[in-house]
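Have a look at the structure below, then the notes.
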Amino acid sequence: MDAITALHTRLSVPGLTEPGPSAEQLDTLLRAAIRAPDHGIVRPWRFMLIEGEARKRLGEIFADAQTADDPATDAAILDKMRRNPLRAPTLLVVVAETDPDNRVPVLEQVMAVAAATQYIMVAAHALGIGAMWRTGRMAEHTLVKRALGFADKDEIVAYVYLGTPSGTRKLLPDEDPASYLRTLPE
Ligand SMILES: Cc1cc2nc3c(=O)[nH]c(=O)nc-3n(C[C@H](O)[C@H](O)[C@H](O)COP(=O)(O)O)c2cc1C
């Protein structure tokens with residue numbers, strides 16, 4: 001798939017099944033990611049590959065964080081949180097390991113990592129791999145960051161769920177980009 005076609009046709013794929021991307025495909029995704037624009041060449045991106053049984057450990061981390069917030073959390077909610085990482089064979093946790101002392105603002109460092117995440121999304125689409133960018137409370141939780149080996153100052157930018165697309169695919173939206181254009185006020 002050529003680059004413009006990939007950019008014009010990418011869609012999120014929530015229904016994902018085995019197999020996940022191969023090691024070679026994952027390398028291709030990460031090579032795309034690290035071509036993202038990065039003000040000051042801070043290199044703030046970190047990628048954590050989570051597959052197989054490690055997904056269950058991530059689910060336990062989510063459940064532990066939830067229990068710390070509310071020890072009375074309903075067992076069914078905890079069970080759902082444990083199972084969330086099992087929604088795809090492969091997860092890439094994309095983290096901004098920020099440098100607050102750098103002259104480049106932390107917001108821009110995080111934006112660079114968001115750009116890297118989007119490169120993963122488009123590259124996955126180009127390879128026929130389904131991908132879904134997720135965040136939510138478990139992307140903000142300090143206990144989750146620490147359990148993953150990061151500091152409180154760092155930002156979990158994405159849980160990218162990856163796998164083989166399954167189920168019915170939604171249709172591409174038919175939108176006119178001109179509706180988002182604005183002109184400079186006089
Ligand atoms: C920063 C960010 C966080 C997101 N977090 C979630 C999420 O937690 N759950 C979810 O269902 N979609 C989330 N999405 C949105 C989906 O990934 C997807 O982009 C959206 O449903 C639109 O579908 P499309 O990508 O096919 O246009 C997030 C998107 C971004 C950019």
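In loop segments of the range 97-152 as defined by DSSP, the GluC sites (Glu not before Pro) with at most 14 further C-beta atoms inside 10 Å of their C-beta are 140.
Given the options 168, 157, 12, identify the residue whose Cα lies farthest towards the positive end of the charge dipole of the chain (+1 on Cβ of Lys, Arg; -1 on Cβ of Asp, Glu). Checked the options; the winner is 168.
Heavy atoms only, probe 1.4 Å: what % of the accessible area of the range 111-186 goes to carbon and sulfur, would you let me know? Spell out each step's value before the answer.
Values: 2600 of 4520 Å².
Carbon with sulfur: 58 percent of the solvent-accessible area.
Would you list the membrane-span-like helices of the chain, meaning whole DSSP H runs whose alpha-carbon atoms span at least 24 Å along their axis and whose mean Kyte-Doolittle value is at least -0.5?
Working: long enough: 106-126 (30 Å, 1.23).
Going by DSSP H runs, the hits are 106-126.
The charge dipole of the range 81-132, taken about its Cα centre with unit charges on the Cβ atoms of Lys, Arg (+1), Asp and Glu (-1) only, comes to about 420 debye.
In this Cβ point-charge picture (+1 for Lys and Arg, -1 for Asp and Glu), the chain has a dipole of about 340 debye about its Cα centre.
Does the chain come out rounded, prolate or oblate by the C-alpha gyration tensor, with a ≥ b ≥ c the root eigenvalues, rounded set by a/c under 1.5 and, if not, prolate when a/b is larger than b/c and oblate if not?
Oblate, since a/c reaches 1.5 and b/c is not below a/b.
With Cα atoms defining each centre, the range 96-142 and the range 155-186 are spaced 15 Å apart in the structure.
Computed on the chain, with alpha-carbon pairs under 8 angstrom and 6+ residues apart, the relative contact order is 34 percent.
Per residue, the solvent-accessible area of the range 89-180 (1.4 Å probe, heavy atoms of protein chains only, all protein chains present) comes to 49 Å².
Sorting 170-177, 68-75, 152-159, 119-126 by average packing, meaning the other beta carbons within 10 Å per residue, from highest down gives 119-126, 152-159, 68-75, 170-177.
The values are calculated or read from the model by the stated rules, or taken from the named source; none is laboratory data. Values in this document were obtained by computation on a predicted structure and should not be read as measured data. Ideal geometry is used to build each Cβ from the backbone, glycine not excepted, and the neighbour counts take in all protein chains shown. Surface areas here come from the heavy atoms of the whole protein model, side chains and all, with no ligands, DNA or RNA. Shrake-Rupley method; radii C 1.70, N 1.55, O 1.52, S 1.80 Å.
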